[in-house]
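Shown next, in structure tokens, is the structure this report addresses.
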Amino acid sequence: MSFVKSTAFKYIPILVFAIIIVDYFSAITGLGPISEYLRQFAVVISNIALGLGVISLLRIHGKNVQRRVEGRWLYSIVTIVTFVTVFILGLINVNGEQYQWAFRNVYTTLEQTMYASTGFFIVSSAYRAFRARNIDAALLLVSGCIVVLTNAPIGEVIWTGFPVIGDWLLGPGQLPGYRALMLIAGLGTIVYAYRVITGNERGFFGRGD
Amino acid sequence: MIIKDGRIVAFVLLFGSFILYYIFTRMMEQGKAFKIRRLAPLEAMPEAVGRCAEMGKPIYYMPGIGTSLSLISGAYTLAGITILGRLASFAAKAGVRIRLFTVTIDAMPLIQETLKNAYAAEGRTEMYSDDDIELIANQSSLVSRYIGAVQREKPAAACLIGYLAYESVVLAEAGNLIGALQISGTVNLYQIPFLVASTDYTLIMEEVFAAAAAVSGDAGAVGPIAAEDMTKLVSLGIMILGMILAPLGIKFLVELLRM
Amino acid sequence: MAYPTDIYGILGLWVGAVLTVALYSYMLYKENPLYRLAEHIYIGIAFAITAVVAVQNTNRIAITPLLKGQIFFIIPIILGLGMYTVFVEKYRWISRYSIATLIGVMLGVVTSGTLIPNIINQINSTITAPTATTMMGWVNFVYVGIGTICSLVYFLFTIEHKGVLAPTARVGRLIIMVGLGVMFGNTVLMRMSMLSGRIEYILQVLKILPM
Amino acid sequence: MAGLNIFERLDKLDRRVYYWLIVIVITWPLLTPIGLPITVKSSTRSLYDGLLTVQEGDIVLIDIFMSVGTWAECMGGLVAETNTLIDRGARLVYMGNSFDVSRSWDRLNELVPRLATLEYGRDVVFLGYYAGEDAAAAQMAVDMSTVFPADHYGTPVQNLPLMSDANQATDFAMVLFTAEGEGKWIQQWGSGYGVPVAGMGIAMKGSALAPYLASGDIFGLAVGVRGGAELEALARMPGTATKTMDAISSTHLLFVILIVLANLPVIYSKIKGGK
């Protein structure tokens, strides 16, 4: 039993990896569906595991309410009530009017708004990063600004050269940097996969600990 | 053909690399020393933890916004969790609380065990609390939660290491605003400029994986990293050869790589 | 689309507008109770909606086929439920099997998804001669090729950047900076279009702009 | 701040100042549009030209990969594409793998009222959400009905006449991606079955897809909201993307001005340090 508890699971990643990768490379029929099922299994496991998040949410905010943590518990009530209400509405009928109303007006709005907030932060980030302290930073700054002026119609109005240089930068200009980064990310990922497969990555499925 | 057309080179690449990694691991076990390069972001961890201890503040950790361990982003999340283990041992020594925010809910058991093990190794099991791991449903709600918490709690340091997307600029700027020391790392190349701009130390691309290896430091982890440079040299060799052949109109290499 | 006339429609628009303002009050003012309210609504509703989708997915992918006789779909269901053993120290080893399965799938997906797009295609595109045999085509070919080689040299870490490698790595670094600048500049476009979308929405709710 | 010169003050500028400036420069052109001319990039033109090759009755697959968060970036282009394809008499199959895709579909219907004039099931179908990337696309290429036994509204595909003509990759005249997720179509449908692939990507796709465009793997590409505005200009249907372009101009100009301002202290200290 202790083998099952502490060792056997370490071979599962190798087994699953082997099935998917053999299916990927070889023309053996029959493996394809198994490999596809494994991927679906992962989706199911993840979806069922979402409940862990719900438990965490209810526990953290439930505690805040229970202990009347100052400045927090009222907000925690909002979280719990929102969650419970919308979840139940969704379970009853996902196409129901109330659920769709919440989806459309609350969820969609918050998603779009939060995502768009990057518009603010990107400027303050650039304000600090785009300083020509040395030639490296100057290149970052100049290429960034030319692309910005290429994307906006006003750039062309200021100088017709911007789109010409900008289009070159967007095409071949940035390509070597992009490629090199893609390459090293790829090579690094393969090494990492090897380390996990051979159990040299730490964590509970590794050799250590 | 046993191997599908168009995947022969990929097959050779994958298993060729694996063999190379194995050889280097063995070489290292037999006493050959490979220097793994200095990774400033990793070395900054004690400083970050020290700052938190001094100011009596927690350190924030965010292993990215991958939605599941089973996706490609899962690899980066996993590396982020390994690095978390390292941070946790520093934090345990200094008695600094780690607050973690994540949307990778299915990684929760792994995160839990990583923290528990790190604390236990320092004899500080009491430091672990489930409440310090905050699981959040999706990317954007995590952003709202994180930047809100940053302002209210004002952590002295923060680590953003894993699969990061648009939120990197928001989280990093929010941390920057309160003057937190920030360590970041991602393999998503679009986010690199923002992380470099807004955080103090950044692990760039494969450095995230190298850092995860440096954490353990044994032959099985470091050997493959040294071998990786060999695969880069091979890629360089092919590209140089190809650059010479192309103007001569010889398409042999290009055709070969398509196999 | 016209401005809604029914009470729910109008209420919806205003709720949306208030939430938008609430979130942006963080940036334009500071962290405040209104922001905090929006944040807490957000984490609640995001979980509710994700959970509803998770229930639907589980039903569609696993439970329906299981009930139709595809008995092996019991495996992921058991593994998924196994995740919950983390709360009971004695049985938490079961959750390791669930995690191990996820990691196995990840390893397969990662390696099969990286080899060709990230590595082989990148190398191959670099050494493929330009189709248009113009002067510019070849200039770009040489620039991209040499640039990629230099940039890759910059990322050689166990081999010291000495001799011919030193200037090569330096050029590589500069070329990477250009690439990062372009990515930064390009991202600005998307961020601003989205922000503009939000501001337009508020102006529409206020009836300053037509819907 | 006393005792600081102008450059040092600039350096310490509260970030809220420029956050507010952004709000102002977006609002202003929305209220009083300037309408700067938009030059069409060649990649957008090839996309549009490709749409014009569609013949009456051709079936086009449109993958709405965008989440609701990306509407401002991609909806304008999607609307222009849809309108152009309706003009050509194409039959349209929509799907998407963002779980909120049905919201995007509803929004598209609001923005293209003509979609409602088509006969659902014969001229247009919304299949709804699908999960997975390459595996899903590969499966669809062989047998669409195994991935989508029913459409979004639960109608079995057997009851949708359009879907009996569109059950595998070779039945389709082209695939258009929206926002992201183009890789699977290029790999599985483009390379695999020779189905022409194109579409509109988020701004960052401009860099990422440049090589695919050069190699002909995709026949056209509209990049971000700018690409959307170019499509609208080509189709002579100015819409949401065109409206946004003035705000894009003003914010981008502000961005560059701020960068220049940010660099003044650097230059100043260099000059001062050099003395």
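The values are calculated or read from the model by the stated rules, or taken from the named source; none is laboratory data. The structure displayed is predicted, hence computed values, not measured ones. All Cβ positions, glycine included, derive from the backbone under ideal geometry; neighbour counts span all protein chains shown. Heads up: the accessible areas ignore ligands, DNA and RNA and are worked out on the full protein's heavy atoms, side chains in. Shrake-Rupley method; radii C 1.70, N 1.55, O 1.52, S 1.80 Å.
One equal scatterer on each Cα of segment A:94-156, no solvent, Debye formula: the resulting log10 I(q)/I(0) at q = 0.27, 0.28 Å⁻¹ is -1.07, -1.08.
Quick note on segment D:54-141: its Rg to Rh ratio, both from C-alpha atoms and Rh being the Kirkwood radius, is 0.95.
With the Cα gyration tensor of segment A:102-203 giving a ≥ b ≥ c as the square roots of its eigenvalues, does the rule (a/c under 1.5 for rounded; else a/b larger than b/c for prolate; else oblate) give rounded, prolate or oblate? It is oblate, given that a/c is not under 1.5 and a/b is not larger than b/c. In straight-distance terms, cross-link reach from B:LYS154 covers every one of the lysines whose alpha-carbon lies under 27 Å from its own, apart from those fewer than eight places away in the same chain; here that gives A:LYS63, B:LYS57, B:LYS93, B:LYS116, C:LYS30, D:LYS12.
For D:GLU133, the solvent-accessible surface computed with a 1.4 Å probe is close to 70 Å², ligands and nucleic acids excluded. Taking the inverse of the mean 1/r over every pair of distinct Cα atoms in segment D:155-196 gives a Kirkwood hydrodynamic radius of 11.4 Å. Hydrodynamic analysis of segment D:168-232 uses the Kirkwood radius over alpha carbon pairs. Inserted into Stokes-Einstein at 4 °C and 1.567 mPa s, it gives a translational diffusion coefficient of 110 µm²/s. Relative to the compact-globule estimate of 2.2 N^0.38 Å, the Cα radius of gyration of the protein assembly as shown comes out at 0.90. Its Cα gyration tensor gives segment D:216-275 an equivalent ellipsoid; the semi-axes, largest first and in whole Å, are 40, 16, 6. Under 1.5 on a/c is rounded, so check that first for segment D:129-275, then, if it is not, pick prolate when a/b is larger than b/c and oblate when it is not; a ≥ b ≥ c are the square roots of the alpha carbon gyration tensor eigenvalues. Prolate is the answer for segment D:129-275, as a/c is 1.5 or above and a/b outweighs b/c. At the listed q of 0.11, 0.22 Å⁻¹, the Debye profile of segment B:110-187, built from one uniform point per Cα, gives log10 I(q)/I(0) equal to -0.34, -1.14.
Tell me which DSSP H helices of chain B clear both cut-offs, 27 Å or more of axial length from alpha-carbon atoms and a mean Kyte-Doolittle hydropathy of at least -1.0. Write down the numbers at each step before the final one.
On the way: long enough: B:8-29 (31 Å, 1.71); B:72-94 (34 Å, 1.07); B:219-245 (39 Å, 1.44).
TM-like helix candidates: B:8-29, B:72-94, B:219-245.
Around the amide H of B:ALA158, modelled in the peptide plane, lie the amide H atoms of B:TYR60, B:LEU181, B:GLN182, B:ILE183, all under 5 Å away and 5 or more residues distant in sequence or on another chain. Computed from backbone phi, the HN-Hα couplings of segment C:184-193 come to 4, x, 5, 5, 3, 4, 5, 4, 6, 5 Hz, rounded to whole numbers (Karplus: 6.51 cos²θ - 1.76 cosθ + 1.60, θ = phi - 60°; Gly and Pro given as x). The string of couplings for segment A:161-177 from the Karplus curve (6.51, -1.76, 1.60, θ = phi - 60°) is x, 4, x, 5, 5, x, 5, 5, 4, 5, x, x, x, 8, 4, x, x Hz, one whole number per residue in order, with x for Gly and Pro. Applying the Kirkwood pairwise sum to the alpha-carbon positions of segment D:94-153 produces a hydrodynamic radius of 12.4 angstrom.
Relative contact order for chain A: what percent, with Cα pairs under 8 Å and sequence separation of 6 or more? List each step's numbers first, then the result.
Details: 91 pairs, mean separation 23.2, N = 209.
Relative contact order here is 11 percent.
Stokes-Einstein diffusion for segment D:1-67, with the hydrodynamic radius set to the Kirkwood value over Cα pairs and evaluated at 10 °C in a medium of 1.306 mPa s, equals 89 µm²/s.
Partners of B:LYS251 within straight-line reach, counting lysines whose Cα lies under 26 Å from its Cα and excluding those fewer than 8 residues away in the same chain: B:LYS4, B:LYS232.
Using the alpha-carbon positions of segment A:39-194, Rg (one decimal) and Dmax (whole number) come out as 24.3, 65 Å. On the principal axes of its alpha-carbon atoms, segment D:79-210 has extents of 38, 31, 28 Å, going from largest to smallest. Legend: P(r) of segment C:1-159 from all alpha carbon pair distances, 5 Å bins from 0, whole percents, reading 1, 6, 7, 8, 9, 8, 7, 8, 12, 14, 11, 6, 2, 0, 0.
For segment B:1-73, the alpha-carbon coordinates run over 65, 40, 16 Å along the three principal axes, in decreasing order. Placing a label point 7 Å from the Cα of C:PHE72 along the Cα-to-Cβ direction, the residues of segment A:1-41 whose backbone N falls under 13 Å from that point are A:16, A:19-20, A:30-41. What shape does chain D take by its C-alpha gyration tensor, where a ≥ b ≥ c are the square roots of the eigenvalues and a/c under 1.5 counts as rounded, a/b above b/c as prolate, and the rest as oblate? Taking the square roots of the gyration eigenvalues as a ≥ b ≥ c, chain D is prolate. Kirkwood-type hydrodynamic radius, chain B: 20.0 Å, calculated from all non-identical alpha-carbon pairs. Each Cα pair of segment A:1-91 feeds into the Kirkwood radius, which the Stokes-Einstein equation turns, at 37 °C and 0.692 mPa s, into a diffusion coefficient of 192 µm²/s.
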